Amino acid sequence: MNHRSSLWLLILLVVNGVWLGSAQLPFPGKCPDVKVVDTFDVEAYLGVWYEYSKYPFAFEIGKKCIYANYGLIDNSTVSVVNAAINRFTGLPSNVTGKAKLIAPGQLAVAFYPG
């Protein structure tokens, strides 16, 4: 690799690092104590939610038409499907998971392959 190629590679790495780092929001100290919703209405939460704005996320690189679909499994479990269209191939992709009610107004989400 010659000097010119090395310089371009370094510039590319720096620009990429700045772009990826721009999504990080530093907060010194502990996380804030956020008050949860006392009477969470899971029925109002169900259905398809389209992405309006976001922070960069690995699953969404090169994607468009990003949405989440929430469905009721039982009184304490919600199915989660995050889906999108690949900008380059036009093919759909998704990741599936479950959200479990762990306390009033608090859901824990886990995603799994498939």
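When restricted to residues that are in contact with a Gly (Cβ under 8 Å, 6 or more places away or on another chain) and surrounded by fewer than 13 Cβ atoms within 10 Å (Cβ to Cβ), the stretch 87-110 contains 4.
Scanning the stretch 67-114 for residues that are assigned to a strand (DSSP E or B) and of a type in the set (K, R), we see that the one that is nearest to P56 (Cα to Cα) is K98. As a summary of the residue check, Y70 satisfies the conditions (1) surrounded by fewer than 10 Cβ atoms within 10 Å (Cβ to Cβ); (2) closer than 24 Å to G105 by Cα; (3) modelled with pLDDT of 95 or more; (4) not hydrophobic (A, V, I, L, M, F, W, C) except for the one numbered (1).
For the structure I just gave you, tell me whether K64 is modelled with pLDDT of 80 or more and either in a loop (DSSP other than H, G, I, E, B) or in contact with a Gly (Cβ under 9 Å, 6 or more places away or on another chain) (or both). So K64 does not fit the description; no. The residue list S93, S76, S53 contains one member that is farther than 28 Å from F40 by Cα, modelled with pLDDT under 95 and of a type outside the set (A, V, I, L, M, F, W, C), which is S93.
The values are calculated or read from the model by the stated rules, or taken from the named source; none is laboratory data. What you see is a predicted model; the values in this text were computed from it and never measured. Ideal geometry is used to build each Cβ from the backbone, glycine not excepted, and the neighbour counts take in all protein chains shown.
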